[in-house]
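J.: Pasting a structure here, questions to come.
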């Protein structure tokens with residue numbers, strides 16, 4: 001069962017085209033990663049109907065948007081990379097506004113989270129630090145009591161202590177099996193902790209969409225001093241460093257003298273799926 | 001899950017609270033600039049002999065300009081109003097009502113403020129140069145309001161002052177393009193000076209000045225055409241922005 005079924009969704013800009021096909025599973029946390037400009041935010045904005053798509057379609061819980069707007073917008077919440085409300089307002093006013101817009105808005109949870117993150121209610125949001133703004137956006141998103149929560153880099157700019165709290169909050173949100181999270185981030189450490197599925201975007205396209213467990217089972221990260229021909233045949237995304245070579249392989253039984261084999265982290269997976277870099281010195285060709 | 005529709009008033013508050021994510025300066029001009037033009041229009045058309053007509057035309061002109069400013073102030077950023085759980089048809093309807101509300105409120109606030117300042121300036125002039133001033137009077141012919149020269153001078157000074165203050169503040173903040181836009185109130189003050197010059201210091205009034213200009217209805221037509229054009233451009237921009245996304 002999918003919360004979001006995205007097929008051939010195309011957004012064309014002058015110098016960039018996004019063409020994404022991906023299904024987001026219900027009851028799971030899906031981590032969306034990719035380099036800057038890969039199209040993650042564009043994908044999220046398109047899902048949230050803030051960006052026009054020239055082709056393709058999205059089904060929300062199996063339903064098209066047209067004709068089901070109210071139902072879908074009631075069950076979906078998004079924390080964008082920038083606040084989508086008036087940051088000149090104070091939280092106490094925004095609270096009232098959100099309560100009037102979303103009658104299922106959880107006032108109790110709001111108060112609890114405001115206290116937990118030590119956010120003041122009588123200071124304008126634009127006077128908050130970047131990290132405080134991110135936390136406040138997340139609070140508003142969670143208090144809407146959505147079924148589908150979409151987060152565009154929610155933990156960026158947040159200190160490690162509160163980042164742990166944010167991750168915990170997302171885990172708490174996922175206690176309900178009907179809830180779904182799509183989580184775009186550059187802090188892959190968070191995905192290591194909570195993601196069920198990993199989606200990698202590259203140049204506007206989805207290049208990987210797999211369960212994290214499957215990735216852990218199927219892939220190995222290998223470090224070696226020399227890259228033999230035999231190893232080259234199995235190697236994916238070879239990276240050369242001062243200490244030798246590292247690469248991914250689908251051969252989980254790989255072993256040999258001088259080989260260090262381990263299960264890759266999300267970050268290592270991300271780096272190695274981006275392609276090869278066999279230059280140990282980045283200034284070599286200059 | 002139960003489906004909710006936010007109320008119209010929530011929607012208006014959302015739009016009025018700048019949750020459209022609009023360009024703030026352009027939004028200010030939705031109320032401010034439209035109020036200036038609306039006020040100017042009413043003042044110009046008062047002497048034509050019909051009290052209801054100039055007010056309604058001035059109001060229409062102001063709304064058109066307000067719509068245009070607001071429509072072009074919308075930026076393509078994520079905004080709360082587009083995420084509200086609401087049907088597309090209702091979103092369009094609510095948006096138009098909210099835009100009207102915003103423009104009218106902006107107009108009223110601005111107009112009241114401007115007229116209050118004008119009143120103060122007029123009183124100052126009245127005290128300083130008593131012999132110049134004729135109090136506002138109604139003629140016997142169809143109760144036409146006649147603007148006195150004191151009133152005109154006050155209006156001209158107020159518009160010029162507003163423009164100058166805006167220009168200085170924008171230049172100080174390095175926002176030159178807005179400073180150019182702020183020239184508008186200064187330009188608005190110019191016709192007042194021209195009318196004052198036309199009618200002659202001491203005995204003229206706006207009513208006479210306009211009656212002496214032939215084909216004044218041509219000007220009304222031109223104003224109306226511009227207003228309709230502005231309104232159409234604003235509506236076109238809004239419809240384009242709010243059109244349903246077919247995916």
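The values are calculated or read from the model by the stated rules, or taken from the named source; none is laboratory data. Just so it is clear, the structure is predicted and the values come from calculations on it, not from any experiment. Positions of Cβ are backbone-derived with ideal geometry, glycine not excepted, and every protein chain shown enters the neighbour counts.
J.: If I ask for residues that are touching a strand residue (DSSP E or B) at 6+ places or on another chain (Cβ under 8 Å) and either at pLDDT 90 or above or more than 25 Å from residue A:52 (Cβ to Cβ) (or both), which ones from segment A:72-100 would you list?
T.: Passing the criteria: A:72, A:75, A:76, A:77, A:78, A:79, A:80.
J.: On the given criteria, is residue A:275 at positive phi, at pLDDT below 90, part of a loop (DSSP other than H, G, I, E, B) and out of contact with any strand residue (DSSP E or B) (no Cβ under 7 Å at 6 or more places or on another chain)? I'd like the intermediate steps shown before the answer.
T.: On the way: at positive phi: yes; at pLDDT below 90: yes; part of a loop (DSSP other than H, G, I, E, B): yes; out of contact with any strand residue (DSSP E or B) (no Cβ under 7 Å at 6 or more places or on another chain): no.
Spelling it out, it is not the case that residue A:275 is at positive phi, at pLDDT below 90, part of a loop (DSSP other than H, G, I, E, B) and out of contact with any strand residue (DSSP E or B) (no Cβ under 7 Å at 6 or more places or on another chain).
J.: Counting only residues that are in contact with a helix residue (DSSP H, G or I) (Cβ under 9 Å, 6 or more places away or on another chain) and closer than 19 Å to residue A:49 by Cβ, which one in segment A:11-22 is surrounded by the fewest Cβ atoms within 10 Å (Cβ to Cβ)? Steps first, answer last, please.
T.: Initially, segment A:11-22 is screened for residues in contact with a helix residue (DSSP H, G or I) (Cβ under 9 Å, 6 or more places away or on another chain), giving A:11, A:13, A:16, A:18, A:20, A:22.
Going one step further and asking which of them are closer than 19 Å to residue A:49 by Cβ, we end up with A:11, A:13, A:18, A:20, A:22.
Details: A:11: 22, A:13: 11, A:18: 24, A:20: 24, A:22: 20.
Among residues in segment A:11-22 that are in contact with a helix residue (DSSP H, G or I) (Cβ under 9 Å, 6 or more places away or on another chain) and closer than 19 Å to residue A:49 by Cβ, the one surrounded by the fewest Cβ atoms within 10 Å (Cβ to Cβ) is A:13.
J.: Are any of the residues in segment A:154-177 away from chain B (no Cβ under 13 Å), in contact (Cβ under 8 Å) with a residue 60 or more places away in the chain, assigned to a strand (DSSP E or B) and under 30 Å from residue A:37 (Cα atoms)?
T.: no
J.: Any residue at all in segment A:23-34 that's assigned to a strand (DSSP E or B), surrounded by 19 or more Cβ atoms within 10 Å (Cβ to Cβ) and either modelled with pLDDT under 90 or within 13 Å of another protein chain (Cβ to nearest Cβ) (or both)?
T.: Within segment A:23-34, the first condition is being assigned to a strand (DSSP E or B), and the residues that meet it are A:23-25, A:29-34.
Those still in the list that are surrounded by 19 or more Cβ atoms within 10 Å (Cβ to Cβ) too: A:24, A:29-34.
Checking which are either modelled with pLDDT under 90 or within 13 Å of another protein chain (Cβ to nearest Cβ) (or both) leaves us with none.
Checked against the condition, which is being assigned to a strand (DSSP E or B), surrounded by 19 or more Cβ atoms within 10 Å (Cβ to Cβ) and either modelled with pLDDT under 90 or within 13 Å of another protein chain (Cβ to nearest Cβ) (or both), segment A:23-34 yields no hits at all.
J.: Okay, next question. Tally up the residues in segment A:35-48 that are touching a residue at least 40 places away in the same chain (Cβ under 8 Å) and either in a strand (DSSP E or B) or closer than 17 Å to residue B:247 by Cβ (or both), please.
T.: So the count comes out to 6.
J.: Might you check whether a residue that is closer than 22 Å to residue A:163 by Cα and in contact with a helix residue (DSSP H, G or I) (Cβ under 6 Å, 6 or more places away or on another chain) occurs anywhere in segment A:90-104? Step through it out loud before you land on a result.
T.: Within segment A:90-104, the first condition is being closer than 22 Å to residue A:163 by Cα, and the residues that meet it are A:91.
Next, from what is left, pick out any that are in contact with a helix residue (DSSP H, G or I) (Cβ under 6 Å, 6 or more places away or on another chain): none.
No - not one qualifying residue is present in segment A:90-104.
J.: Taking the condition of being part of a loop (DSSP other than H, G, I, E, B) and in contact (Cβ under 8 Å) with a residue 60 or more places away in the chain, how many residues in segment A:125-144 meet it? It would help to see each step written out before you state the result.
T.: Within segment A:125-144, the subset part of a loop (DSSP other than H, G, I, E, B) is A:128-129, A:144.
From what is left, the residues that are in contact (Cβ under 8 Å) with a residue 60 or more places away in the chain are A:144.
Final tally of qualifying residues: 1.
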